[in-house]
Structures are given as structure tokens and as C-alpha cells.
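Structure, as C-alpha cells:
The values are calculated or read from the model by the stated rules, or taken from the named source; none is laboratory data. As the structure is a prediction and not an experimental result, all values here were calculated from the model. Here the Cβ positions follow ideal geometry from the backbone for every residue, glycine too, while neighbour counts run over all protein chains shown.
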Amino acid sequence: MSFLNQDYYKLPESKFGLGSDNTEIIVFLIQYFRISGIVFIAWSIGYLNFSFAWILIFVFVYLLREKNSNARDIKATMIKSIGINEKDAILARLDDVPGWVFFPDKERVEWLNKILKPIWPNLRKFIGNILVDVVEPIINEYSSGLIGSVKFDDVDLGDVPPRFASVKVYTENVPPGEIMFDVEILYAGDANVKLSAKKITAGVKDLQFHGDLRVILKPLCDRIPFFATATIFFLKMPQIDFNLTNIANTFDLPGLRKIIDKTIEDAICKTLVLPNRLVIPIIPDINVFELIEMKTIKPKGLLRIHVIKAINLKKSDIGVFGGGKSDPYVKISGIGLPQTTKTIQNNLNPIWNEIFNFMIDQNIVLNPTILIQCFDKDEINDDFLGSVSIDVDNIISKGFEEGLYKLKGIQQGEILLKFEWLNVTQDKSKLNTILSHKSFKQQQQPTCILIIDLKSALDLPLVFKKSGVGEPSPKAILNVKDDKKISAIKPKTTNPIWNENFYFLIENPLSDLLEIKIQDDKSKNFICDFKMDIKEILNEENLMLDRVFNLHALTNDYNPKLSTKMVLYILCPSSNKEIHEELKNDLEDNSSSVQSYQTRISKHSIESLLSTNLFGKIRLAMEYKMNEGVFILNIFECKNLCSVHHSNLPDPFVKVVLLPDKKSKKKIRSIKDCLDPVFNEVIRWEIPLSELKRRQLSLCVKNDKPFLAHEKTFMGQLMLDLINIESDIKIEKWFELRDKKEARFFLDYCE
């Protein structure tokens with residue numbers, strides 16, 4: 001994504017001729033040999049009788065690299081222009097300028113940029129050392145096997161300093177004794193970083209960075225500089241772009257580039273994006289316990305997002321004969337690590353039915369916003385299909401919200417979302433009620449949040465090395481089910497001090513298990529471990545366990561210990577009794593606008609649904625047989641069906657399909673001349689339970705009209721979401737039939 005508009009800035013054309021300098025001659029020669037090489041390769045392919053397709057592939061890859069390279073050059077030039085002459089930049093183009101231009105609560109800090117410029121030569125050396133000492137181990141922690149271990153050989157951040165575009169200072173809803181502000185940082189300098197990975201030397205140039213950094217100064221005190229610590233973090237993943245040099249530039253292909261970008265994104269997200277943060281002590285003799293307390297995560301609650309489906313998405317992949325589809329997926333960002341749904345292939349009306357949980361940290365996030373984006377999955381570059389921004393504070397105040405949202409930034413498309421807010425409590429008496437709640441049982445969602453303060457370890461075992469026995473470089477690996485967290489690496493010590501905190505979302509604290517393993521980073525051998533039932537915390541006062549645990553070592557020669565603190569928070573659904581009445585009023589108030597599309601309903605439809613059903617009802621039974629791998633649907637009978645002919649009674653029958661697979665369509669026999677038919681039919685589908693939970697059962701009652709007869713066929717429809725289906729549990733109940741539009745909007749659940 002460009003930081004600025006591409007039309008914003010253009011470099012003047014350089015002259016070439018007798019007066020050109022050596023640099024221009026070198027550029028000319030490079031371009032000459034590059035084109036000559038391309039022509040030679042094309043000639044060689046023909047001479048050796050290779051397929052013509054190789055030429056097309058080579059040209060495609062070359063043009064793609066040129067396009068990406070040119071786009072990055074343009075972005076770097078445009079951002080540099082702001083640093084050189086911001087006034088001319090604003091007058092030339094008002095698109096995508098710093099936040100203070102459009103947001104009155106953001107202020108310019110030009111004085112800070114003027115101070116930064118003369119001290120940058122000294123400051124860049126300090127930042128370079130941080131990259132080597134701090135960033136390099138973090139990148140190696142999250143790098144893939146393809147990249148391997150990364151080493152910074154030389155770090156030169158250049159002569160162009162970063163720029164502070166704007167600052168926003170918060171004065172409301174800030175706890176006493178704190179100063180909180182956001183800094184918008186832009187960087188597009190002439191940095192040149194040399195690094196090596198797997199004996200391959202590469203370089204990074206044209207580094208670009210754009211992000212909003214939150215800074216919290218606390219606690220305020222009477223000693224200079226009048227605050228004890230600085231806490232810094234990003235509310236969301238900053239934008240980063242760069243060019244590779246040397247041999248890495250040759251292999252700067254889309255697939256490899258995605259791996260590199262993903263490694264950098266993981267490293268930043270898991271260290272400096274909420275709920276992770278960096279606490280820097282400012283006053284040297286600050287109490288270490290106060291410092292640990294500042295780092296501790298304190299949950300305010302849990303935001304649960306249900307991504308249900310999208311409707312009428314844009315055709316991003318255009319077919320040869322004019323058709324086209326998209327392979328859509330949804331990305332959720334804004335708080336914590338970005339999360340994505342699965343990709344639905346070739347579908348403009350995808351059904352995801354996926355649930356995501358985001359923990360909100362108290363006293364940290366002000367005015368948080370969730371960004372929900374829809375993309376078309378491509379091998380090279382994912383196409384944008386629209387986005388929705390959600391105000392989290394609005395969800396917290398309501399407790400619940402569900403609706404069909406128009407995708408912005410694109411001409412068409414809507415997405416059906418549901419939001420739930422769950423508060424936290426440490427009242428143990430509420431846990432049994434929550435665990436027995438039907439929604440928690442069926443959806444297998446978290447019921448608790450476990451916060452772990454990993455403090456330190458003592459007397460860790462020595463490890464065997466090539467040179468003999470030596471001290472380990474330990475890191476802690478924490479596991480709860482499939483959720484894994486990894487601590488920082490402490491080089492060459494048997495008494496590491498971490499003072500890090502992590503959180504886990506716990507489904508059932510009565511049965512879940514916490515496992516902590518200590519691993520030597522050099523040899524990759526596990527040197528000791530520890531296991532504990534999470535239910536032990538339930539026996540503690542205030543659900544807090546703070547003690548030193550004995551670690552299990554491979555030999556009895558050591559007595560390793562682990563100091564940690566654990567706090568359990570129970571999740572409680574918001575108990576706002578006015579929620580459902582609010583939703584009903586919202587639908588009535590917005591009836592004029594929602595009437596524009598088939599998935600929306602009118603005010604008349606709401607009133608009819610609240611009073612009398614016009615289409616009758618149907619009695620069904622559903623069960624999934626785990627030992628057979630079969631979903632069984634019993635269709636018993638219908639009552640009070642609507643008549644579709646003024647003189648004759650209809651001949652109703654039922655058609656069913658497990659969407660989106662239309663090949664699963666089945667139908668049962670018709671009953672002659674009846675509005676209360678009794679079918680007693682059984683339909684079976686062989687399907688895995690995990691796949692069934694992602695399906696929707698579409699049931700339609702129709703009139704089996706005679707051939708060439710002028711009679712209506714539609715008699716009512718039912719849409720059932722099967723996400724709550726469980727193995728060997730039979731569900732039998734009456735369901736109301738609706739018309740086509742209302743059935744798509746009022747999605748029933750099997751409960």
C-alpha cells in the first residue's frame with residue numbers, strides 16, 4: 001500500500017550526452033547490458049528449441065519485478081520530499097499527507113524534527129546498535145527454515161533522519177499519574193543495511209516505515225525527568241517496505257518476498273504490537289516490582305467477532321469468456337496480532353462461519369478501532385475487496401451487535417458480522433454457570449483468560465557443547481493445548497531473568513493443562529520442564545498463584561526452579577437486557593435503507609414476523625453419527641402451510657441442500673392436496689463433522705405443480721446454520737418457514 005499518491009511527486013528528467021557525469025554513464029551501461037542479456041536469453045531459448053512459454057514466463061517475472069521496484073522508488077521519493085520541503089509538498093498535493101492536516105486533535109511537531117536533524121549522526125549509531133543487539137535475535141526467533149539465521153554485518157541508517165509527522169496527546173480517560181500520547185512516524189531515508197543468511201550476503205536499501213507509536217509515561221514523580229518509565233507499543237502493525245540488494249535482489253520474487261515480510265511482521269507483532277509492549281526504565285533505581293507490574297497484562301474484557309458470510313463480492317479474477325470469480329478471505333486487524341479466515345475458492349457469496357477472539361487491555365487502548373478487510377487470494381498480490389471499520393467502544397457499551405455491513409472502498413459487496421463483548425471477573429461462583437452455558441459448550445470458545453508473569457529461573461542444568469560442558473542460553477516455551485508462547489533468549493546463564501508476561505485463552509480451566517519447557521537455544525535440547533493443572537489456580541484467593549515451582553530435570557544433579565505469577569480471569573457475557581429491544585428498534589428505524597437488497601428486510605416484514613407467521617412451520621430432527629460419519633435429517637411434518645392457488649390445494653414437497661455445495665441437493669416425495677403434510681422421510685449425507693459445521697442447511701417447501709400449470713411453486717424456506725451441531729446429540733424441534741428474503745436474513749441456529 002502506498003503511503004502517498006503516486007502522482008504526487010515526479011523527479012525532473014536528467015540530461016544525457018557529452019556533459020553527463022560518470023554516474024550517468026554507469027547507469028547507461030547497466031541498462032545496455034541488462035537489455036542485451038534479455039535479448040540473448042530469448043535468442044538462446046529459441047536456438048535450443050525450448051517452449052515459447054518460457055519467454056512469456058521470463059518476461060512476466062521481469063516486468064513484475066520492474067513494477068514492484070518502480071513503485072517502491074516512487075514511494076521513497078515522495079516521502080523524502082515531505083522531509084525536504086513539507087510546505088511545497090502540501091501545496092502540490094493534499095492527498096495522503098500527515099495526520100495533523102485533517103485531524104484537528106493532532107498537532108505538528110516541526111520543532112522536534114529540527115532538533116532531530118543535527119543530532120541524527122550520533123543517534124543513528126545508537127539505533128544501529130539496538131538493531132544488532134535487540135532486533136537481530138527477535139528476527140531469528142521468528143524466521144522460517146527457508147531464511148535461516150540472520151546476522152547484521154553492517155548497519156548504516158544514512159543521513160536522512162526519520163520524521164515525526166504529528167502528535168496526539170490524550171487528556172480524557174487517562175489514569176491519574178500518567179501522560180499518554182501517539183506519535184506518527186515516517187521514515188524514507190537512505191539507509192543501507194548489510195546482512196547475511198545461510199552464507200548468502202544481501203543488503204537492504206530504500207527502507208520505508210510508517211506507523212503510529214503510543215507512548216505512556218508513568219508514574220509521574222518529583223525527580224527529573226518527572227516520570228519513572230516509558231512504555232511504548234504500536235496499536236496496529238506499522239507499514240514497512242524495502243528493496244533487497246546483491247544476490248537477494250535477483251531472488252526478490254513474490255513468494256520469497258511474502259516469507260520475508262511475514263517474518264518481519266511476526267517479529268514486530270509479537271514484541272511491540274498490543275498486547276505486547278516495551279517498558280523502558282528512566283529513573284535507574286526504580287523498584288523492580290513496580291516495573292514488573294507495569295508490564296503485566298490486565299484484561300478489560302474479550303471482544304468476540306463472528307465472521308459469518310459476505311454477499312455480492314466483486315469479481316476480481318476475470319475469466320477468458322467474460323465470467324469471473326474471487327477467492328475471498330477476511331483479515332481482522334487493529335488490536336493485537338492480525339487474524340485471517342480461511343480462503344473460499346471461486347465464490348462471490350462466501351460463507352466462513354468463523355469466530356475470532358481479541359483481548360482488550362485495560363488503561364492502554366483509547367478509542368480502539370477494529371479494521372475488517374476482505375481480499376481476493378492470489379499467488380502474487382491479493383486484491384482488495386472492501387473493508388469495514390468498527391468502533392470497539394460502541395460494541396462494549398451495547399454488549400452485542402449483529403448486522404450486514406456495506407464494504408467501503410469498493411463499489412459492491414456486503415459482509416455479515418456479529419460482535420460480542422465479554423467482561424472479566426474473578427468471582428469463582430460464576431464459573432460453573434458459564435461452563436454450563438449452552439453457547440460455550442456448543443462453540444467451544446474460551447471461558448477464561450490466563451495471565452502469566454514469567455519472572456526468572458534458578459539453577460538450570462548445564463548443557464553439553466563441542467568444547468565441553470557449559471552454560472545454556474535458555475528460553476521458555478509455554479503451551480496450553482495448541483497455543484504456544486516463547487520467551488526471549490537469555491545468553492549463557494543458568495539463572496535467567498525474563499520478567500515477561502503472556503496470556504492464554506482457556507476453554508475449560510477444570511481440564512486444561514499448562515506446560516512450560518526450558519530449551520537451550522544453541523543445541524535446541526530441552527533441559528527441564530514443568531506441568532500444572534490450571535484448576536489449581538481456582539483454589540487460590542483472588543484466582544492468583546504467585547510462587548516458585550520446582551522444575552523437572554533429566555538428572556538429579558540439579559534442583560532447577562521457576563518463579564512465576566499466574567492470574568485467572570473469568571469471562572462473563574454482557575447482561576444488557578435492552579440489547580434485543582435495541583436491535584429490534586434499529587431494524588425498524590433503518591427499514592427504508594435496508595429494503596434495497598434481497599438479504600435485508602422491510603419494516604412490514606418485521607411486524608409480520610413479530611405477530612403471525614404466514615408460511616407455516618416444519619418439524620425436523622437432526623443428528624450426526626460420529627461412528628458412521630453421517631449427518632441424518634428427519635423431515636416429519638408441516639403445519640399451516642400457505643396456499644399458492646386460489647382453487648386447488650397444493651402438493652407440497654421438500655428440497656434440501658448443504659450450502660455452498662449444491663451437489664448435495666436432495667428432495668423428498670410430494671403429498672397430494674394438503675396444507676398439513678406428514679412426510680416422515682429420512683435424508684443422509686456422508687460428511688466430516690468439521691466440514692458440516694461450516695455448512696448451512698437450506699430447506700425449501702415447494703408445490704409440485706402439474707406440467708404446464710400456471711401455479712406458484714414457492715411455499716416457504718428455512719436457513720439453518722450447522723455450526724452448533726455436535727456428534728451423537730439429536731436435535732428435534734419446530735422451525736418457522738419464511739419467505740426467501742427473510743430466510744436469508746434471519747439465519748436460524750441448531751440449538
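Evaluate the range 190-197: report whether one residue or more is closer than 25 Å to LYS125 by Cα, of a type outside the set (Lys, Arg) and in a loop (DSSP other than H, G, I, E, B). Talk me through it step by step, then tell me what you get.
Kept after step one, since they are closer than 25 Å to LYS125 by Cα, are these residues of the range 190-197: 190-197.
Imposing the further condition that a residue be of a type outside the set (Lys, Arg) reduces the set to 190-193, 195-197.
In the following step, the residues that additionally are in a loop (DSSP other than H, G, I, E, B) were identified as 190-191.
Taking every residue of the range 190-197 in turn, at least one turns out to be closer than 25 Å to LYS125 by Cα, of a type outside the set (Lys, Arg) and in a loop (DSSP other than H, G, I, E, B).
Could you list, in sequence order, the residues of the range 502-520 that are of a type outside the set (Val, Ile, Thr), assigned to a strand (DSSP E or B) and closer than 13 Å to LEU568 by Cα? Spell out how you get there, then give the answer.
Within the range 502-520, the subset of a type outside the set (Val, Ile, Thr) is 502-505, 507-515, 517, 519-520.
Cutting the leftovers down to assigned to a strand (DSSP E or B) gives us 502-505, 513-515, 517, 519-520.
PHE502, TYR503, PHE504, LEU505, LEU514, listed by residue number.
Which of the residues spanning the range 397-425 are hydrophobic (A, V, I, L, M, F, W, C), more than 20 Å from the chain's Cα centre (by Cα) and farther than 30 Å from ASP317 by Cα?
Passing the criteria: PHE400, VAL424.
Which one of ILE516, ILE477, ILE497, ILE534 is of a type in the set (Val, Ile, Thr) and exposed (fewer than 15 other Cβ atoms within 10 Å of the Cβ)? Working first, answer last.
Working: ILE516 fails: exposed (fewer than 15 other Cβ atoms within 10 Å of the Cβ); ILE477 fails: exposed (fewer than 15 other Cβ atoms within 10 Å of the Cβ); ILE534 fails: exposed (fewer than 15 other Cβ atoms within 10 Å of the Cβ).
Checking each option against the conditions leaves just ILE497.
Strands (runs of 3 or more DSSP E) wholly in the range 521-629 with at least 2 residues that are farther than 30 Å from ASP459 by Cβ and either in contact with a Cys (Cβ under 8 Å, 6 or more places away or on another chain) or modelled with pLDDT of 90 or more (or both) - which ones?
On the way: elements: 526-533, 544-550, 561-573, 617-625.
Of the strands (runs of 3 or more DSSP E) lying wholly inside the range 521-629, those with at least 2 residues that are farther than 30 Å from ASP459 by Cβ and either in contact with a Cys (Cβ under 8 Å, 6 or more places away or on another chain) or modelled with pLDDT of 90 or more (or both) span 561-573, 617-625.
Is it the case that LEU157 is at pLDDT 80 or above, in contact with a helix residue (DSSP H, G or I) (Cβ under 6 Å, 6 or more places away or on another chain) and either hydrophobic (A, V, I, L, M, F, W, C) or closer than 19 Å to LEU213 by Cα (or both)? Write out each step before concluding.
On the way: at pLDDT 80 or above: yes; in contact with a helix residue (DSSP H, G or I) (Cβ under 6 Å, 6 or more places away or on another chain): yes; either hydrophobic (A, V, I, L, M, F, W, C) or closer than 19 Å to LEU213 by Cα (or both): yes.
So LEU157 fits the description; yes.
Residue by residue, here is whether (1) modelled with pLDDT under 75; (2) of a type in the set (Phe, Trp, Tyr); (3) assigned by TED's automatic domain parsing to the domain that holds LYS218 holds:
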{"position": "TYR329", "(1), (2), (3)": "no, yes, no"}
{"position": "ILE335", "(1), (2), (3)": "no, no, no"}
{"position": "PHE356", "(1), (2), (3)": "no, yes, no"}
{"position": "ASN367", "(1), (2), (3)": "yes, no, no"}
{"position": "CYS374", "(1), (2), (3)": "no, no, no"}
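May I ask you to list the residues in the range 640-669 that are charged (D, E, K, R) and surrounded by 14 or more Cβ atoms within 10 Å (Cβ to Cβ)? Give the steps one after another, and end with the answer.
First pass over the range 640-669, keeping only residues charged (D, E, K, R): 651, 655, 661-663, 665-667, 669.
Residues satisfying the conditions are ASP651, LYS655, LYS666, LYS667.
Name the single residue, out of those in the range 96-132 being at pLDDT 75 or above, of a type outside the set (Asp, Glu) and within 14 Å of ILE185 (Cα to Cα), that is surrounded by the fewest Cβ atoms within 10 Å (Cβ to Cβ).
LEU112
State yes or no: is GLN445 at pLDDT below 90, in a loop (DSSP other than H, G, I, E, B) and not assigned by TED's automatic domain parsing to the domain that holds ASP557? Full working, then the answer.
Details: at pLDDT below 90: yes; in a loop (DSSP other than H, G, I, E, B): yes; not assigned by TED's automatic domain parsing to the domain that holds ASP557: no.
It is false that GLN445 is at pLDDT below 90, in a loop (DSSP other than H, G, I, E, B) and not assigned by TED's automatic domain parsing to the domain that holds ASP557.
A quick yes/no check of all residues on (1) among the acidic types (Asp, Glu); (2) modelled with pLDDT of 65 or more; (3) buried (at least 16 other Cβ atoms within 10 Å of the Cβ):
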| position | (1), (2), (3) |
| --- | --- |
| ARG694 | no, yes, yes |
| LEU699 | no, yes, yes |
| THR713 | no, yes, no |
| ASP721 | yes, yes, yes |
| SER727 | no, yes, no |
| GLU736 | yes, yes, yes |
| ASP739 | yes, yes, yes |
| CYS750 | no, no, yes |
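For the range 703-712, does any single residue satisfy the condition of being among the hydrophobic types (A, V, I, L, M, F, W, C) and either part of a helix (DSSP H, G or I) or in contact with a strand residue (DSSP E or B) (Cβ under 8 Å, 6 or more places away or on another chain) (or both)? Break it down into steps so the answer makes sense when it comes.
Step one: of the range 703-712, the residues among the hydrophobic types (A, V, I, L, M, F, W, C) are 707-709.
Filter once more, so that each one left must be either part of a helix (DSSP H, G or I) or in contact with a strand residue (DSSP E or B) (Cβ under 8 Å, 6 or more places away or on another chain) (or both): none.
No, the range 703-712 contains no residue that is among the hydrophobic types (A, V, I, L, M, F, W, C) and either part of a helix (DSSP H, G or I) or in contact with a strand residue (DSSP E or B) (Cβ under 8 Å, 6 or more places away or on another chain) (or both).
Can you spot a residue in the range 450-467 that is in contact with a helix residue (DSSP H, G or I) (Cβ under 9 Å, 6 or more places away or on another chain), under 24 Å from ILE395 (Cβ atoms) and modelled with pLDDT of 90 or more?
So the first thing to find is which residues in the range 450-467 are in contact with a helix residue (DSSP H, G or I) (Cβ under 9 Å, 6 or more places away or on another chain), and the list is 450, 453, 455.
Then drop every residue that is not under 24 Å from ILE395 (Cβ atoms), which leaves 450.
After this cut, where a residue has to be modelled with pLDDT of 90 or more as well, the list is 450.
Looking through the range 450-467, at least one residue is in contact with a helix residue (DSSP H, G or I) (Cβ under 9 Å, 6 or more places away or on another chain), under 24 Å from ILE395 (Cβ atoms) and modelled with pLDDT of 90 or more.
Residue pairs, Cβ under 7 Å, 6 or more apart or interchain, first in the range 379-401 and touching a residue at least 24 places away in the same chain (Cβ under 8 Å), second part of a helix (DSSP H, G or I) and among the acidic types (Asp, Glu). List them.
Correct list of pairs: LYS398/GLU582.
For the range 448-471, how many residues are exposed (fewer than 13 other Cβ atoms within 10 Å of the Cβ) and basic (Lys, Arg)?
Within the range 448-471, residues that are exposed (fewer than 13 other Cβ atoms within 10 Å of the Cβ) and basic (Lys, Arg) number 1.
Within the range 494-517, does at least one residue satisfy the condition of being under 30 Å from LYS300 (Cα atoms) and either among the hydroxyl-bearing types (Ser, Thr, Tyr) or not assigned by TED's automatic domain parsing to the domain that holds VAL548 (or both)? Quick ask: steps written out before the conclusion?
So the first thing to find is which residues in the range 494-517 are under 30 Å from LYS300 (Cα atoms), and the list is 497-517.
Going one step further and asking which of them are either among the hydroxyl-bearing types (Ser, Thr, Tyr) or not assigned by TED's automatic domain parsing to the domain that holds VAL548 (or both), we end up with 503, 511.
Yes: one or more hits.
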